[in-house]
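Enquirer: Have a look at this one.
Where a number appears in this text, it was derived from the coordinates with a stated rule and is not lab data. Just so you know, these numbers come straight off a predicted model, no measurement behind them. Heads up, the Cβs are rebuilt from the backbone with ideal geometry, glycines too, and the neighbour counts pull from every protein chain shown.
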Amino acid sequence: MHITEVHVRDILGLEAIDAQLAQGLVSIQGPNECGKSSLLASTQAGLLGPTSLPALADPLREGSDRGEIDLTLGDGEVETLTIHRTIRRTEGGRIDWRLRLTRADGGHVRRPQEVLSALTARMADPLAFERMKAGEQVLCALDAAGCRESWEHVQAQREKAYDERTEANRTLRELTARRQGIETDAHAGTEEVDVEALIAKRQGVEAHNRAVWDAKQDVEQRRGRIDMLEQKRAEKRRQLKLRYADLEQQIERLEAELRAARQSREQLVASGRESDEADGAEIEAAREELNERMLHVAEVQPADELDTAIASATRINAAVDRNRQARELDRQIARKREAAAALTKRMEGIDRQAGELLAGSELAARVKGLGITEAGLTWKGLPLANASGSRRFLVAIVLAMAQRPELKTIFIDNGEALDAERLGMLERVATEYGWQIIQARVAEGSCLEIHGGELIAQGQTA
């Protein structure tokens, strides 16, 4: 089945065109701005509807509120289907598309767009396919194979795994950098020294030593008091001697006062004896108190060893903490490496699953050597992007043919870019396999012409 007739009214830049198209290679040609591409696009829109004109918000010819596209499909001898599309602008300015599909017996076909989509190859213009980027070619092939939705689901899983692996690797780099900044000490062990206990013990020693020092100062004060009392006693004895001598002299000089002097002497002696005894008792009591006090004075305890132990414990604890941090970071690094490796393996599995989508399709079974990778399509194991333009052009044609559509029609715009090799490919496909290939190309002349068909009528071209 192919397109046998095209009738266009007020679509794109076309006022009215009626044309008959033959099977084989059909060239719509003429100078620039004569309506070639508009006729080609209108024909495609007749088959596929508004999805074939995504870049156009308004497909109607300027100044028109209504347009029509009529296509007749047949095998060259018997008419099979008639497509009638009406496009009009509503009062609100919205573009409304209507479709009616009629069988040869006059009966209307239900769900006409589904029927037309099933009849038509899901493949882009081969020239456009040749110029596509690798990712666009993949999507085009997946559309042709009917598994794009599954591919997008698999790619979403891969993107999620890739993001998770990127995050895992970022964390791994951070953990590794932190680990490299920690200097470990193999001699530090794993247990920390109780610095607080050592400090408490050190404080106890300080309190003990302060008590000892206070006791020693008290002893010295008491010794000073005894010395003072002994000096006082000695002074008293000296004074008594001086006084006694003076009295002796007075006795000698003053016989008349002898009795009084002797009495005074006796009194003085008695008084001195009592005072001396009192002083001796006081000194003895002080000595006994001193001896008693000295019994309770302890020896000073050294604190240097504790100071050394505290300093050593602080260093050990710092090393133990560094070792603990290093071990924890080593565990985290190991877990992140395992997670990154698992995600990489998961992505490899997703890539295999993605490749199997196309490999398991009916299209791949028909197009031997076609494969798909993350980088794009492959042909016989080699990246299609690295193949020549003519090879990519051939793959696009083969992909369209492999779908075995009932409507064997391929559309090509800018056909003037086709070289002799590509034209030869198209002619062989048209001749040997019975395909209709409609190309629009710039050519010399003054008006629109159709080679491989007949331009029945043409109105004004905008």
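Enquirer: Cα-based count: Lys pairs in the chain below 17 Å, eight or more positions apart or different chains?
Expert: Eligible lysine pairs with Cα atoms under 17 Å apart amount to 5.
Enquirer: Next question. In a Debye calculation with equal point scatterers on the alpha-carbon sites of segment 332-450 and no solvent, what is log10 I(q)/I(0) at q = 0.13 Å⁻¹?
Expert: Relative scattering, expressed as log10 I(q)/I(0), comes to -0.68.
Enquirer: Could you give the size of the charge dipole of segment 173-347 about its Cα centre, using +1 on the Cβ of each K and R and -1 on the Cβ of each D and E, expressed in debye and rounded to the nearest 20?
Expert: Taking the Cα centre of segment 173-347 as origin, the dipole is about 1480 debye.
Enquirer: Something else: Could you tell me which residue out of Val6, Gly106, Leu242 lies farthest along the dipole of the chain toward its positive end? Charges go on the beta carbon: Lys and Arg +1, Asp and Glu -1, centred on the Cα centre.
Expert: Toward the positive end, the furthest listed residue is Gly106.
Enquirer: Mind running the shape call on segment 173-347? Use the C-alpha gyration tensor, a ≥ b ≥ c as the square roots of the eigenvalues: rounded below 1.5 for a/c, prolate if a/b tops b/c, oblate otherwise.
Expert: It comes out prolate by the Cα gyration axes.
Enquirer: In whole Å, what three semi-axes, largest first, describe the equivalent ellipsoid of segment 148-233 built from its Cα gyration tensor (square root of 5 times each eigenvalue)?
Expert: Working from the Cα gyration tensor, I get semi-axes of 80, 13, 10 Å.
Enquirer: Let me ask another. Work out the P(r) tail for the chain: percent of alpha carbon pairs separated by more than 30 Å, whole number.
Expert: 69
Enquirer: Taking H as built 1.01 Å from N, whose amide H comes closer than 5 Å to the amide H of Arg441, not counting residues under 5 places away?
Expert: Ile28, Gln29, Gly30, Gly415
Enquirer: If only Cα atoms are counted, what is the Rg of segment 99-206, and what is its Dmax, in Å?
Expert: 34.8, 118
Enquirer: Still on this structure, please answer the following. Charges on Cβ only, +1 for Lys and Arg, -1 for Asp and Glu, centred on the Cα centroid of segment 173-347; of Ile199, Ile316, Ala285, which one is farthest towards the dipole's positive end?
Expert: Ile316
Enquirer: Mind checking the dipole of segment 271-319: about its Cα centre, +1 per Lys or Arg Cβ, -1 per Asp or Glu Cβ, Debye to the nearest 20?
Expert: Roughly 560 debye for segment 271-319.
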